[in-house]
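Engineer: Take this structure first; my questions come after.
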Amino acid sequence: MSFHHVNAVRDNPKGPNWSAGCLNVLYELASYANPKTGICNPSIATIASGANMSSKSARRYVQQLKREGVIKSIGNEKGG
């Protein structure tokens, strides 16, 4: 777990404008982030389980965070 990344989510001034589901996904991603590189690679199923939502909802929130430039994908977009 990267406390630095989790705290960055908590302290982000834009955070209150996001839905609870979006914040839950962002917290899940932050909790899997490597403290040195910031890279994380949990599956959508893992994100969904940790955020207590369906995989479809988790995928939608991940896409929203990508569109807003909060996160970005590197490598294969489809996983695997």
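Engineer: Once you have the Cα-Cα distance between residue 45 and residue 63, take 0.36 nm times their residue separation minus that, and quote the gain in nm to one decimal. Kindly include the intermediate steps, with their values, before the conclusion.
Structural biologist: Working: separation 18, 0.36 × 18 = 6.48 nm, distance 1.46 nm.
Additional length available on full extension: 5.0 nm.
Engineer: By average Cβ neighbour count within 10 Å, what is the ranking of 29-37, 45-53 from highest down? Let's see the in-between values first.
Structural biologist: On the way: 29-37: 15.2, 45-53: 17.0.
By packing density, highest mean first, the sequence is 45-53, 29-37.
Engineer: Looking at segment 16-80, I'd like the Rg to Rh ratio, where Rg is from alpha-carbon atoms and Rh is Kirkwood's inverse mean 1/r. Don't skip to the answer; put the middle values down first.
Structural biologist: Values: Rg = 11.1 Å, Rh = 12.0 Å.
Radius of gyration relative to Kirkwood radius: 0.93.
Read the figures in this text as sums done on the coordinates, not as results from a lab. Since we're looking at a predicted model, the values are computed, not measured. So basically every Cβ, Gly included, is an ideal-geometry build from the backbone, and we count neighbours across all protein chains shown.
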